[in-house]
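This report refers to the structure that appears directly beneath it.
Just so it is clear, none of the values below were taken in a lab; they were calculated from the coordinates. Just so we're clear, the structure is a prediction, and the values are computed from it rather than from any experiment. We place every Cβ from the backbone using ideal geometry, glycine too, and count neighbours over all the protein chains shown.
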Amino acid sequence: MSRLDDPGIAQALRQTQGWERAGAEIRRTYRFGDFREALAFVNRVGELAERAGHHPDIDIRYNTVTLALTTHDAGGLSAKDFELARAIDAR
């Protein structure tokens, strides 16, 4: 998978609402009613990530989950990151 250039990243972000670029990754924070809901979400994300063969960095803080995606093999953002981000949001 090849790394996207800046115009490619900008276009992909327009198609991936709610995610923000942070250097060589994209991030999104989700808030839930409590820890159990947050953990259930993380488990669903884990299933999607396993099927995609692409794994986000996950930070859980009680009812708040932040996901970060980058394609290490490509040295930055690739289409794979945006595809998984959209799949997560479609859950």
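Given points 7 Å out from each Cα along the Cα-Cβ axis, report the Arg51 to Thr64 separation in nanometres with one decimal.
Spacing of the two 7 Å Cα→Cβ label points: 3.0 nm.
Using the count of nearby Cβ atoms within 10 Å as a rough guide to exposure, how do Asp81, Asp59 rank from fewest to most?
On the way: Asp81 26, Asp59 13.
With the sparsest Cβ surroundings first, the list reads Asp59, Asp81.
What net charge do the residues around Thr29 carry, taking every other residue with its C-beta under 12 Å from that of Thr29, with Lys and Arg at +1 and Asp and Glu at -1? Write out the running numbers ahead of the final one.
Working: positive: Arg27, Arg28, Arg31, Arg61; negative: Glu20, Asp59.
The answer is +2.
Based only on other Cβ atoms within 10 Å, what is the fewest-to-most ordering of Arg3, Arg51, Arg27?
On the way: Arg3 16, Arg51 10, Arg27 19.
Exposure proxy ranking, most exposed first: Arg51, Arg3, Arg27.
Need the full-extension length gain, Gln17 to Asp89, defined as separation in residues times 0.36 nm minus the C-alpha distance. One decimal, nm.
Details: separation 72, 0.36 × 72 = 25.92 nm, distance 0.89 nm.
25.0 nm is the gain from fully extending Gln17 to Asp89.
Among Ile9, Ile60, Ile26, which comes first, second and so on when ranked by fewest other beta-carbon atoms within 10 Å? Could you put the intermediate results ahead of the total?
Working: Ile9 19, Ile60 13, Ile26 24.
Exposure proxy ranking, most exposed first: Ile60, Ile9, Ile26.
What full-extension length gain, to one decimal in nm, is calculated for Leu39 and Ala74 as 0.36 nm per residue of separation minus the Cα-Cα distance?
Numbers: separation 35, 0.36 × 35 = 12.60 nm, distance 2.94 nm.
Extra length available between Leu39 and Ala74 comes to 9.7 nm.
For the chain, what are the DSSP H helices with axial Cα length of 24 Å or more and mean Kyte-Doolittle hydropathy of at least 0.0?
Helices passing the filter in the chain: 35-52.
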